[in-house]
Amino acid sequence: MSLDHRLPSELAELRRTVEAFAHDVVAPTIGEFYERHAFPYEIVREMGRMGLFGLPFPEEYGGMGGDYLALGIALEELARVDSSVAITLEAGVSLGAMPLYHFGTEEQKREWLPRMCTGEILGAFGLTEPDGGSDAGGTRTTAVRDGDDWVINGSKCFITNSGTDITGLVTVTAVTGRKADGRPEISAIIVPSGTPGFTVAAPYSKVGWNASDTRELSFTDVRVPAANLLGEEGRGYAQFLRILDEGRIAIAALATGLAQGCVDESVSYAKTRHAFGKPIGANQAIQFKLADMEMRAHTSRLAWRDAASRLVHGEPFKKEAALAKLYSSEIAVTNAREATQIHGGYGFMNEYPVARMWRDSKILEIGEGTSEVQRMLIARELGL
Ligand SMILES: Cc1cc2nc3c(=O)[nH]c(=O)nc-3n(C[C@H](O)[C@H](O)[C@H](O)COP(=O)(O)OP(=O)(O)OC[C@H]3O[C@@H](n4cnc5c(N)ncnc54)[C@H](O)[C@@H]3O)c2cc1C
């Protein structure tokens, strides 16, 4: 089967629209939010008005009727300019709304999705705990049934979008029982913001993604109605594996955008910065760096689009999503390092976008499954 990676006209149009938004609205202001470690509410509101939070959801829930390819296109274009706004969209859609769309009851979908699709509220996904993220089966947070309620105790860490003024809910994984073999039975439960006993800590001080919201959460005798269970009891582990498989495609698109942004910035810098009487871009050593950076970004784009295309067509995509996430995150780090090098001392100054890209690149090898976890998944898919 031959693959056609050219975009159909509606996706090409979406790409141009988001590119213009990133260039005209995000680029001029995001650096200041980043410096202040502040969440860019007005930019996020505008992204909501544009329908970006509803891209892969059907119109009946307030979405745009698109799919994961559309989401990836938007993420890539945003991340070419800034990763904080891109991860806010990625987490809001892939981790916040998608679990409700895939596993929620009709009532849960109608209650939450329309406001999530417009960006009026953000959802978060609480899987990682202080004692472990990669080994998500080791969840310690518990939820015990008491009459018509679930009573939740425990904590979650590093949760994106969980403490903004517009955060509406966090879906948390919790141990709700034991299987016959003694392993924990995990379920996912919706906890609305403001539920008594649900505490959101101050934002972390992070190396990168400084204009995005990341918090530690704690739950002390938090009571939510039994109806807040997401999908079937005991299916939480399978649910989050599916969510993470899909999310990897989104992170790969985001990483591709960062890698391409490094090329964009470095090419224009190499043309204008002079050393030894000529533009630094006239040196073959710099040209080769840029050629390699472009090659990596291009290959990364093919990888995430291939995984997304498989997902959209209902084909197996687990291995391709892991390959795309692993490759794109590692080349994003490489491109960011090279872009900083090409910028010399200015590349180490925060006012230059490549400095932000360098800071923002490392987390891509960690979040939504570390590079080691991706290698484990790929090896497993190879039958090892
Ligand atoms: C900014 C940010 C935002 C995040 N957002 C969210 C979010 O919204 N929701 C959420 O649930 N989580 C979120 N996370 C958590 C993230 O997904 C985890 O940090 C990640 O999965 C790794 O888990 P860990 O930090 O506990 O590392 P650990 O699992 O403790 O791993 C530590 C190291 O050991 C390696 N390792 C572990 N097991 C093995 C093994 N078997 N073989 C080889 N190496 C291994 C890992 O690859 C890693 O290098 C976020 C994290 C950050 C930093």
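The values are calculated or read from the model by the stated rules, or taken from the named source; none is laboratory data. Predicted model, so just to flag it, every value in this text is computed and none were measured. Positions of Cβ are generated from backbone atoms using ideal geometry, with glycine treated the same way; all protein chains shown enter the neighbour counts. The area values use the complete protein model at the heavy-atom level, side chains included, leaving out ligands, DNA and RNA. Shrake-Rupley method; radii C 1.70, N 1.55, O 1.52, S 1.80 Å.
For this structure, a couple of remarks:
- Check on ALA211, in contact with a helix residue (DSSP H, G or I) (Cβ under 7 Å, 6 or more places away or on another chain) and more than 16 Å from the ligand (Cβ to nearest atom): no
- Within the stretch 110-131, the set of residues being away from the ligand (no atom under 16 Å from the Cβ) and either free of Cβ contacts under 8 Å to residues at least 12 places away in the same chain or open to solvent by 30 Å² or more (accessible area, probe 1.4 Å) (or both) comprises ARG110, GLU111, PRO114, ARG115, THR118, GLU120.
- The single condition among (1) within 18 Å of TYR41 (Cα to Cα); (2) open to solvent by less than 20 Å² (accessible area, probe 1.4 Å); (3) assigned to a loop (DSSP other than H, G, I, E, B) that LEU89 does not meet is (3).
- Wholly within the stretch 142-243, strands (runs of 3 or more DSSP E) carrying at least 1 residues that are open to solvent by less than 10 Å² (accessible area, probe 1.4 Å): 142-146, 149-160, 167-178, 184-192, 214-225
- Residues located in the stretch 361-382, provided they are among the small types (Gly, Ala, Ser) and either in contact with a strand residue (DSSP E or B) (Cβ under 7 Å, 6 or more places away or on another chain) or more than 11 Å from the ligand (Cβ to nearest atom) (or both): SER361
Residue-by-condition table, conditions (1) under 30 Å from PRO28 (Cβ atoms); (2) hydroxyl-bearing (Ser, Thr, Tyr):
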| residue | (1), (2) |
| --- | --- |
| THR195 | no, yes |
| ASP213 | yes, no |
| GLY231 | no, no |
| ILE249 | yes, no |
| ALA303 | no, no |
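- When ALA291, ALA270 are checked against the criterion of being open to solvent by 20 Å² or more (accessible area, probe 1.4 Å), away from the ligand (no atom under 16 Å from the Cβ) and at pLDDT 95 or above, ALA291 stands alone in meeting it.
- ALA252 being under 24 Å from the mean Cα position of the chain (by Cα) and without any contact (Cβ under 8 Å) to a residue 24 or more places away in the chain: no
- Looking only at the stretch 334-360, residues that are within 16 Å of the ligand (Cβ to nearest atom) and either of a type in the set (Lys, Arg) or surrounded by fewer than 23 Cβ atoms within 10 Å (Cβ to Cβ) (or both) come to 2 in all.
- Residues that are among the aromatic types (Phe, Trp, Tyr) and in contact (Cβ under 8 Å) with a residue 12 or more places away in the chain, drawn from the stretch 266-286: TYR269
- Looking only at the stretch 361-384, and only at residues there that are hydrophobic (A, V, I, L, M, F, W, C) and not in a helix (DSSP H, G or I), the one that is least open to solvent (accessible area, probe 1.4 Å): ILE366
The rows are residues; the columns are (1) of a type outside the set (A, V, I, L, M); (2) more than 8 Å from the ligand (Cβ to nearest atom); (3) within 28 Å of LEU52 (Cβ to Cβ); (4) assigned by TED's automatic domain parsing to the domain that holds ARG223.
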| site | (1), (2), (3), (4) |
| --- | --- |
| SER134 | yes, no, no, yes |
| ARG140 | yes, yes, no, yes |
| ALA143 | no, yes, no, yes |
| ASP146 | yes, yes, no, yes |
| ASP149 | yes, yes, no, yes |
| ASN153 | yes, yes, no, yes |
| LYS156 | yes, no, yes, yes |
